[in-house]
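Visitor: I have a structure here, written as structure tokens, and I will follow up with some questions on it.
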Amino acid sequence: MISLRLALAVALTLCAGAAAAQDLPQGFVRLRDVAPGIAQDIRYASANNFTGHPLPGYAAPDCILRRAAALALKRVADGLAKENLSLKVYDCYRPTRAVAAMARWAGNRNAAPDTRRFYPALKKDGLFAHGWIAAHSAHSRGVAVDLTVVPKGSPTPPFDATARYGSCAGPAAERAPDNSLDMGTGYDCFDVRSYTRSPVAPAERKNRELLLSVMARHGFTNYNREWWHFSYPAADPRREFDFPVR
């Protein structure tokens with residue numbers, strides 16, 4: 001009887017694993033299955049983003065990527081671990097419905113709550129013109145990732161949706177809390193200080209150069225207006241997807 005129960009339990013576990021794999025299109029994986037040591041702080045599944053709400057398609061705070069991109073990211077993390085550092089991802093695969101929701105938010109003058117801390121020096125209706133929000137994204141192809149470097153094992157501090165945090169381009173102590181090495185701005189900061197090569201303090205420049213170098217070493221390319229955004233062109237299917245993140 002015990003052997004029969006054990007066999008049944010193993011069979012059910014295998015079936016569950018197979019079902020979990022099948023709920024993703026071919027070629028996609030969950031980052032936690034490939035590199036569980038990489039921290040995940042998926043902002044668009046929460047209120048801690050420039051819209052102030054979870055975005056459509058993000059039913060779970062989970063990073064999904066093309067397999068080749070996820071494996072390359074694991075190699076980046078393995079290299080950083082030697083320096084007692086790790087990666088933390090803010091966004092990975094992004095359903096096209098979420099991209100469309102960003103566009104609707106940008107065009108809605110009455111959207112609430114007030115999230116001007118993400119665009120302190122710009123008007124909301126200029127975010128499209130300045131290229132901060134676009135109609136299409138490499139994230140929807142599963143080959144783009146938004147990320148930072150964190151001390152290995154450091155916890156992500158809690159976010160308080162009722163707090164009045166300072167500008168994303170201001171001093172780190174005044175921004176929304178994060179355990180990232182200080183890159184000079186917060187994540188998703190729609191400000192010229194977020195340009196990868198923008199003038200920042202020497203320590204912040206050193207942190208950006210660290211992120212740039214380790215990502216480039218493993219085949220990732222940076223978007224020069226966002227220090228946090230990298231793509232993995234070797235795995236690009238040139239096709240956008242809209243399956244939900246569950």
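Visitor: In the stretch 192-240, what residues are of a type in the set (K, R), under 23 Å from Q40 (Cα atoms) and part of a loop (DSSP other than H, G, I, E, B)?
Guide: Within the stretch 192-240, just R225 meets the criteria.
Visitor: Further, regarding this structure: Only one of G27, G57 is surrounded by 21 or more Cβ atoms within 10 Å (Cβ to Cβ), on the phi > 0 side of the Ramachandran plot and touching a residue at least 60 places away in the same chain (Cβ under 8 Å); which?
Guide: The unique qualifying residue is G57.
Visitor: Turning to a different aspect of this structure: Considering only residues that are surrounded by fewer than 23 Cβ atoms within 10 Å (Cβ to Cβ) and in contact with a His (Cβ under 9 Å, 6 or more places away or on another chain), which ones fall in the stretch 75-100?
Guide: R75, G79, T96, V99
Visitor: In the stretch 89-125, how many residues are under 16 Å from I42 (Cα atoms) and of a type in the set (K, R)?
Guide: 1
Visitor: Right, here's the next one. Report, by residue number, each residue of the stretch 138-165 that is in contact with a Lys or Arg (Cβ under 6 Å, 6 or more places away or on another chain) and surrounded by fewer than 19 Cβ atoms within 10 Å (Cβ to Cβ).
Guide: Within the stretch 138-165, Y165 is the sole residue that qualifies.
Visitor: If you take the residues in the stretch 125-165 that are within 18 Å of the chain's Cα centre (by Cα), among the charged types (D, E, K, R) and not in a loop (DSSP other than H, G, I, E, B), which one is nearest to L212 (Cα to Cα)?
Guide: D146
Visitor: Continuing with the same structure: If a residue must be more than 15 Å from Y44 (Cα to Cα) and in contact with a strand residue (DSSP E or B) (Cβ under 8 Å, 6 or more places away or on another chain), how many such residues does the stretch 71-88 contain?
Guide: Qualifying residue count for the region: 8.
Visitor: Of the residues that sit in the stretch 180-212 and are basic (K, R) and over 20 Å from G166 (Cα atoms), which one is surrounded by the most Cβ atoms within 10 Å (Cβ to Cβ)?
Guide: If we take residues in the stretch 180-212 being basic (K, R) and over 20 Å from G166 (Cα atoms), then R208 is surrounded by the most Cβ atoms within 10 Å (Cβ to Cβ).
Visitor: Condition test on G184, is it at positive phi and in contact (Cβ under 8 Å) with a residue 12 or more places away in the chain?
Guide: Against the criterion (at positive phi and in contact (Cβ under 8 Å) with a residue 12 or more places away in the chain), G184 qualifies.
Visitor: Scan the stretch 146-155 residue by residue and report those that are within 16 Å of S194 (Cα to Cα) and of a type outside the set (D, E).
Guide: Correct list: L147, T148, V149.
Visitor: Got at least one residue in the stretch 110-124 being in contact (Cβ under 8 Å) with a residue 24 or more places away in the chain, surrounded by 14 or more Cβ atoms within 10 Å (Cβ to Cβ) and under 14 Å from the mean Cα position of the chain (by Cα)?
Guide: Taking every residue of the stretch 110-124 in turn, none turns out to be in contact (Cβ under 8 Å) with a residue 24 or more places away in the chain, surrounded by 14 or more Cβ atoms within 10 Å (Cβ to Cβ) and under 14 Å from the mean Cα position of the chain (by Cα).
We did not get these values from a lab; they are worked out from the coordinates using the rules stated. Quantities reported herein were computed from a predicted structural model and do not represent experimental measurements. With ideal geometry, Cβ positions are generated from the backbone for all residues, glycine too; neighbour counts draw on all protein chains shown.
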